[in-house]
Structure formats: C-alpha cells, structure tokens
C-alpha cells in the first residue's frame, strides 16, 4: 500500500497543495520531489513551505508513522535531510538521528481512487481495466500503443545484443541462435537455443555440403538419437551411426533437453523444426548477411526462409511416425512470425550498434508493413475494442499484456494512470 501513496504523491493526486501538519502549522507542497527507486528517502529534492518559510530536502512516505522506527530511519544518516514525513496513520512522532523532530503530514486516499484501485487490484482478472477501456480517448490509446511497440522492439534488440556479446561479436552466430529460438515457436524456445549454443557454427560450416551430416549433428546434440531405440528405419539408424562418428571426432556430448511435444501440432514438432534448421545450414549459414543484402520489404525477406525439407521428412512428422502428407516448407504465417521476432529486431539491433538511423527506420517500417499476429491475446484485445492493424501494433498489445497486465503494473500503465487520474479528479 505504501507504493500507492508514493504514486499519488508523485503525480500530485491528493487534490490540493495546501495542507495542515499534525502540529497545526500550514504546509504548501511546492515540489513533491524526484521519486527514488533505490535505498534512501522516497523522494529527493522536494520543496515545501511551512508557515511561509521554504524548505528544500527529501521526503519520506509511510502507511504508519511508526514505520519510521520499524525501518530504523532514526539511526540512518541518509534520512537526516528529510524535511517532511507523509503518512496515512499518525501513530507516532518521529525524529532524525540528531533527535530533531520531522514535520509530519497525514493524508487520506480519495474515495474515487480506492474504488478504482480495488477494481484494478482484483485477483484472477486477466485485464483488470476491461470495463474502462471503452472510455479512453483515441489519442491516449494510439500514443501508448506506439510507445509499447517500440518498447518491445527495443527489448528484443537488447536480447540480440546480449546474444551477440556472448558470441564474441559474431553476428552470424548470434543470428543462428535467435533463428533457432524463433523456430521453437514459444514452447521449445529454450531447448532450441541450448541446442545451437552447444555447436559452434564453424563446425557446421565444415559439413555445409552434407545435409545428412548436419542433421546428424543437430539431432544428436538435441538428444533425439538413440541407436538402442526400437526404431529400425534406415534413415534413423544412419543418423545414429553418423553422430557417433562425428561426436567422437569433435568431442560432442548429447544434451538432455526438455523438449515439449504436448500441445504441439504435428508439423511443428521439434524433429521437423530441427530438420528445417539443418536445411538453413546447407551451403553454409549466412542468413545475417543475406538479410542485410535483401531489400527491406516483406515479400523479398520472406523468400529467405522458403526452406524445403525433403526425403524422409516429406512423409514423417518425427522418427518412426509416418504421415500421409507433411508440409515441406514453413507456412507464410510462420515465416511472418520469423520476420517479426528475428529479422526486424536483428536489423534494429545492428542499426543501433552502428548508429545508423536510416536502418533503424527500415526495421520499424517492416513491422508496420507486416500483418498482425493472430493469437488468443490479440483476439482478447480486439474484443475490448483495441485492434491491431499491423505487426507493430500487435507487438504493442502483446507487450502491454505481458509487462503490465500480467505483472499487475496497472498504475504504471498509461491506461491505468488515466483511469486513476479521472477518478481522483471526480473525487475532488
């Protein structure tokens, strides 16, 4: 609850600027100060006027005045510069480390705020403001979603930069890691990343003329090959024998990965995605270079991922699981997801590293050109009146749900802030 009072103080939502201290003196809040999220007083560099005299210093906020002692502030020099103690309950007089008394102000929450806050804090609801969204001005919606779309793009670019740094600045290796993760399509992102991190790309380059050997390395490292398994088809046993040979040659050890098969459509099973990943390495993995060389338009970029798996995978979903027909290429929707989750963030991260503004804009333009994703979250927002007309907008809505709704950060969301602001104004 203390954070709620800090929030109201920070945004001046207490309805007035002139108050009366517990000792009867008048106090005017000139500047609430700068919110401090680290150790020390809650607000730095505040400014108040007590009985006509201006004070400048720090401000501390507690639910109960006695929390000052409970937190040991009376013995902490960091709190000796506190000029005002703001509380909801005046259950104690408090003093600084030198024994001097700190001016104390009692505040109360606006009735309208508490009603809305309880609604936004209700457990179990996925989108707590669903009953209020319809009242939002369109400008508030568009501005916030534009910011959220950029937040998500920047977060993905930061992730790519972290991967790049972990590979010693090798853009192709970083691209390979993010591609593999993207091919996990949510359920198997982590196992795919662990798989490709266990194999230096230069090792796969040595066998870039043999799809069979690339497959043997990838399937073997993935822990999906076992020569003692009761799978007797020639292709599987051949992979097992080839992996044993290559593992001894390069000192490879198969990983124990937590592959998820439940709730996965047959054509999205890890086996087929690994076969697709192997296909991307045939002739040498150079996807990053080809992305940079390609015109930054949807149709041209989609062709980079038009890989075709053939032979065994033409009629199998996984080892020893035949199918009358199994798609040999990624669907257009899947390739669009790769453009959203790999290509646009990769281009953006590269542009940021180089300080290339024009290329940054190309990454944004690509997301504004691509169709929006279609999933349960996007459909939920659509039912509430928030429509995604492009991938940048659908990315914004996904970011809003994950980083604010799911994280219960309603007060830090511009929508929630707007609702609270309106409720407080109505209360006064």
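The values are calculated or read from the model by the stated rules, or taken from the named source; none is laboratory data. Given the structure is predicted, the values throughout are model-derived calculations rather than measurements. We place every Cβ from the backbone using ideal geometry, glycine too, and count neighbours over all the protein chains shown.
Per-residue answers, yes or no, for (1) out of contact with any strand residue (DSSP E or B) (no Cβ under 6 Å at 6 or more places or on another chain); (2) surrounded by fewer than 17 Cβ atoms within 10 Å (Cβ to Cβ); (3) farther than 24 Å from residue 312 by Cβ:
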residue: 155; (1), (2), (3): yes, yes, yes
residue: 163; (1), (2), (3): yes, no, yes
residue: 170; (1), (2), (3): yes, no, yes
residue: 191; (1), (2), (3): yes, no, no
residue: 232; (1), (2), (3): yes, yes, no
residue: 253; (1), (2), (3): yes, yes, yes
residue: 257; (1), (2), (3): yes, no, no
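Is one or more of the residues making up segment 260-270 within 30 Å of the chain's Cα centre (by Cα), at pLDDT below 95, assigned to a helix (DSSP H, G or I) and under 13 Å from residue 215 (Cα atoms)?
Yes - at least one qualifying residue is present in segment 260-270.
Could you look through segment 339-360, keep only residues that are surrounded by fewer than 16 Cβ atoms within 10 Å (Cβ to Cβ) and part of a helix (DSSP H, G or I), and pick out the one that is nearest to the chain's Cα centre (by Cα)?
The extreme case among them is 353.
Among the residues of segment 42-64, which ones are assigned to a loop (DSSP other than H, G, I, E, B) and either closer than 15 Å to residue 19 by Cα or modelled with pLDDT under 95 (or both)?
If the condition is that a residue be assigned to a loop (DSSP other than H, G, I, E, B) and either closer than 15 Å to residue 19 by Cα or modelled with pLDDT under 95 (or both), then 51, 52 are the ones that fit.
When you check residue 129 against the structure, is it touching a residue at least 24 places away in the same chain (Cβ under 8 Å) and outside any helix (DSSP H, G or I), yes or no?
It is true that residue 129 is touching a residue at least 24 places away in the same chain (Cβ under 8 Å) and outside any helix (DSSP H, G or I).
Could you check segment 103-124 and list, in sequence order, the residues that are assigned to a loop (DSSP other than H, G, I, E, B) and free of Cβ contacts under 8 Å to residues at least 24 places away in the same chain?
Once the filter is applied, which keeps residues that are assigned to a loop (DSSP other than H, G, I, E, B) and free of Cβ contacts under 8 Å to residues at least 24 places away in the same chain, segment 103-124 yields 108, 122, 123, 124.
Scan segment 235-249 and tell me whether some residue there is in a loop (DSSP other than H, G, I, E, B), more than 30 Å from residue 347 (Cβ to Cβ) and either free of Cβ contacts under 8 Å to residues at least 60 places away in the same chain or not assigned by TED's automatic domain parsing to the domain that holds residue 183 (or both).
no
Mind telling me which of the residues 423, 407 ends up being modelled with pLDDT under 95, closer than 20 Å to residue 120 by Cβ and loosely packed, with under 15 Cβ neighbours inside 10 Å?
Step by step, each of 423, 407 is checked, and only 407 is modelled with pLDDT under 95, closer than 20 Å to residue 120 by Cβ and loosely packed, with under 15 Cβ neighbours inside 10 Å.
Regarding segment 89-102, can at least one residue be identified that is touching a strand residue (DSSP E or B) at 6+ places or on another chain (Cβ under 9 Å) and part of a helix (DSSP H, G or I)?
No, every residue in segment 89-102 fails to be touching a strand residue (DSSP E or B) at 6+ places or on another chain (Cβ under 9 Å) and part of a helix (DSSP H, G or I).
Would you confirm, using the coordinates I've provided, whether residue 85 is touching a helix residue (DSSP H, G or I) at 6+ places or on another chain (Cβ under 7 Å) and modelled with pLDDT of 90 or more?
Judged against the criteria, residue 85 is a match.
What number of residues within segment 26-41 are part of a loop (DSSP other than H, G, I, E, B) and either surrounded by 14 or more Cβ atoms within 10 Å (Cβ to Cβ) or outside the structural domain of residue 73 (by TED's automatic domain parsing) (or both)?
5
Checking residue 303 against (1) surrounded by fewer than 20 Cβ atoms within 10 Å (Cβ to Cβ); (2) touching a residue at least 60 places away in the same chain (Cβ under 8 Å); (3) more than 25 Å from the chain's Cα centre (by Cα), which single condition isn't satisfied?
(2)
Being within 27 Å of residue 273 (Cα to Cα), surrounded by 15 or more Cβ atoms within 10 Å (Cβ to Cβ) and within 18 Å of the chain's Cα centre (by Cα) is the requirement here; does residue 398 meet it?
yes
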